[in-house]
Amino acid sequence: MIRVLVCDDQALIRTGFGTIIDAQPDLEVVGECGDGRAAVDLAGQLNPDVVVMDVRMPVLDGIEATRLLAGAGVARPAKVLVVTTFNLDEYVYEALRAGASGFLLKDAPPAQLLHGIRTVASGAALLAPEVTRQLVGRYAERIRPAGGGPDDVPLTARELEVLRLIAEGLSNGEIAAALVISHETVKTYVSRILTKLDLRDRVQAVVYAFRHGLVA
């Protein structure tokens, strides 16, 4: 059973998400709250498998809550699925940097929400490639640290090539086809990239690639 904590400042959305989630035989809402501070406190008490997190909330926003739950240095990082409206794309980028495992739009159909929860719970990242490229590409240039670049990235030429394709939103299968290599070989490259760069998942790899000027 996948245990879910729902955090959104709109009661109607919390109720809607809860109804959709609880209707599934493999999912269960173990708690809900309306602000980021309560999300952090409840996550510590309930230890959910996935936290469904809104971005704009009172007391503590979803970005800071995500950083406290899943950011660098957190001993037992939670798996956070951010939900937002499309016009909050800058906030989504910050949430991904804060440690979120993926994001969805609030107007996504119920099936996408359920798929997202299951995907994040499994330890995988949830990327909507066409949206990710737009979000990260738009804001990484502004946030990218001064100095540094492709030459400072500790990867082989082939690993850099794979990382760039990940950042462009390609799946493992699409990368395999583009480079004319096997699917298993791509998985090996992805694993090496995440290990070498000390990244948790593909979401963080995308952010890393943009911040270091590997894609534009």
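All of the numbers you see were taken from the coordinates with simple rules; none came from a lab. Predicted model only: the values in this text are computed from it and were never measured.
Across region 2-126, the relative contact order, built from alpha-carbon pairs under 8 Å that are at least six residues apart, equals 22 percent. If you wrap region 147-211 in the convex hull of its Cα atoms and look at it from every side, the mean projected area works out to 4.0 nm². Pairs of Cα atoms in region 2-126 fall into 10 Å distance bins, from 0 up to the last occupied one, in shares of 15, 54, 30, 2 percent.
Normalising by the residue count of region 147-211, find the relative contact order in percent from Cα pairs under 8 Å and 6+ residues apart. Don't skip to the end; give the middle numbers.
On the way: 42 pairs, mean separation 25.9, N = 65.
For region 147-211, the relative contact order is 40 percent.
Computed extension gain for residue 41 through residue 192, at 0.36 nm per residue and net of the alpha carbon distance, reaches 50.9 nm.
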